[in-house]
Structures are given as structure tokens and as C-alpha cells.
Amino acid sequence: MIYLILDVFYNDIGEQSTAKVSGIRFQGIEQNEVLSEHIVTVDNVAPYESGQFYKREMPCLLALLEKIDDPYDVIIIDGYVFLDGVSKPGLGKYLYDSLAVKKPIIGIAKNHFYDITEDYAVWRGISKHPLYVTSVGMEVDKAKYLVANLAGKHRMPTMLTAVDQLGRN
């Protein structure tokens, strides 16, 4: 199975915003093998709107996905697929709906959203704070298992940290 993990780093200068979108294709869960890294810069990014984050992030993610010709089976995002775990769409669900070829999407959120129950919490390492995992196109229990077992000793899986750093460099 080949995974594609995505992240967006914003650079807001005055009223102008750009985004550096990063993606890493990898295989392996407990030991990750990086297959390729991808970066694209998006200019004139929409401003942040409370409760409408997907409007800012979606065009950025899609811009990177359009540039990747290499195969992948599952997309992993930094955020929620469903804001309530089941039906209230978040970034991942909007992304899934916009894909011409549907791929399962796993959302890994670092912060608790008020509609999410502890059923979506994944505890990693010795952290006192869980990650929250939601998914579409894949059973949530399978997605939680995958996130719980991704390489890395700490709360953040190694690949989540790597894609974040790729976007910031």
C-alpha cells in the first residue's frame, strides 16, 4: 500500500497569502520508506474564514495532487475528514468529493473539535494528548490502527512531522 501524506504551510504578508503545499509518498507503516517528495507553491490563497477552513486549503491540496503522476492508494491529511466523525463534512470529505478517482482519505487532527467523541482518539507514545482520526473510503477502526502504528515514538507520526518540515523549509 502506498500512502500520500499532505500538508499546507501558509505565508501571509499583509493581505497577500501564498501557500507551500508538500506531499510525501511512502510505503510501510511501522517502518516508512519515502518514495518521493512533492512541493508546489500556490499564490493568491483565499483568506482564512472561521468554520470554512476547507475553502482556503482545498485549492492548495488540489494543486499538488494535479502535479503527482506517481501512484498512491491512500491520502492522509492534517485535519478532519468529518467534524463529528460521521457526517458533518470537514476538509477531508470535501477533498474526497472533489477527486475524480476516489481514494480513501485519513484525517489526523491534533486538536479536539467539540463534536468529536473519544471514539476517534488515538493515543501514541507517552503523550497526554491524543490525535483524532477520521476517514472516508476506509473504516475508521482501520484508519485508527494505521495511525496508531505509523512509525515514530512520539505523539506525532514520523511522516506527519516530515511533511510539515518539508513545507516549512
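Any read-out appearing in this document is the output of simple, stated calculations on the displayed coordinates, not a laboratory observation. Keep in mind that what you see is a predicted model, and the values were worked out from it rather than measured. Here the Cβ positions follow ideal geometry from the backbone for every residue, glycine too, while neighbour counts run over all protein chains shown.
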**Request:** Beyond 15 Å, what share of the Cα-Cα pairs of the stretch 1-53 is found? Please give it as a whole percent.
**Result:** 57
**Message:** Mean-square fluctuation check for the chain, GNM, Cα pairs under 10 Å: which of Tyr132, Tyr114, Tyr54 is largest?
**Reply:** Tyr114
**Request:** Could you name the aspartates and glutamates whose alpha carbon sits less than 12 Å from that of Lys20, not counting residues in the same chain fewer than 8 places away?
**Result:** Asp7, Asp12, Asp43, Glu57, Asp164
**Item:** Dipole in debye (nearest 20) - the stretch 1-109, about Cα centre, beta carbon charges: Lys, Arg +1; Asp, Glu -1
**Value:** 300
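In terms of the Cα gyration tensor, with a ≥ b ≥ c the square roots of its eigenvalues, is the stretch 1-97 rounded because a/c is under 1.5, prolate because a/b exceeds b/c, or oblate?
Numbers: a/c = 2.28, a/b = 1.29, b/c = 1.77.
Note, shape of the stretch 1-97 comes out oblate.
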**Asked** How do Phe26, Phe9, Phe82 rank when sorted from fewest to most other Cβ atoms within 10 Å of their own Cβ?
**Response** Phe9, Phe82, Phe26
**Request:** Please tell me the relative contact order of the stretch 2-168 in percent, rounded to the nearest whole number, where contacts are Cα pairs under 8 Å and at least six residues apart.
**Result:** 23
**Item:** Within a Gaussian network of the chain (alpha carbon springs, distance under 10 Å), most fluctuating of Ile76, Ile105, Ile13
**Value:** Ile13
**Item:** Zero-based 10 Å bins, Cα pair distances in the stretch 2-168, whole percents
**Value:** 10, 41, 38, 10, 0
**Message:** Give me the tail of P(r) for the stretch 73-120 as a percent: Cα-Cα pairs with distance above 14 Å.
**Reply:** 45
**Item:** Cα-projected label distance for Arg168 with Trp123, points at 7 Å along beta-carbon direction, nm
**Value:** 2.7
**Item:** Under 17 Å from the Cα of Lys88 - lysines, other chains or at least 8 residues apart
**Value:** Lys55
**Request:** Would you give the gap between the C-alpha center of the stretch 8-84 and the C-alpha center of the stretch 136-169, rounded to a whole Å?
**Result:** 14
**Request:** Would you kindly work out the equivalent ellipsoid of the stretch 28-71 from its C-alpha gyration tensor and give its semi-axes, the square roots of five times the eigenvalues, largest first in whole Å?
**Result:** 27, 15, 8
**Message:** Running a GNM on the chain with Cα contacts under 10 Å, which residue among Gly14, Gly92, Gly79 ends up with the highest mean-square fluctuation?
**Reply:** Gly14
**Request:** Could you please rank His129, His38, placing first whichever residue has the fewest other Cβ atoms within 10 Å of its Cβ?
**Result:** His129, His38
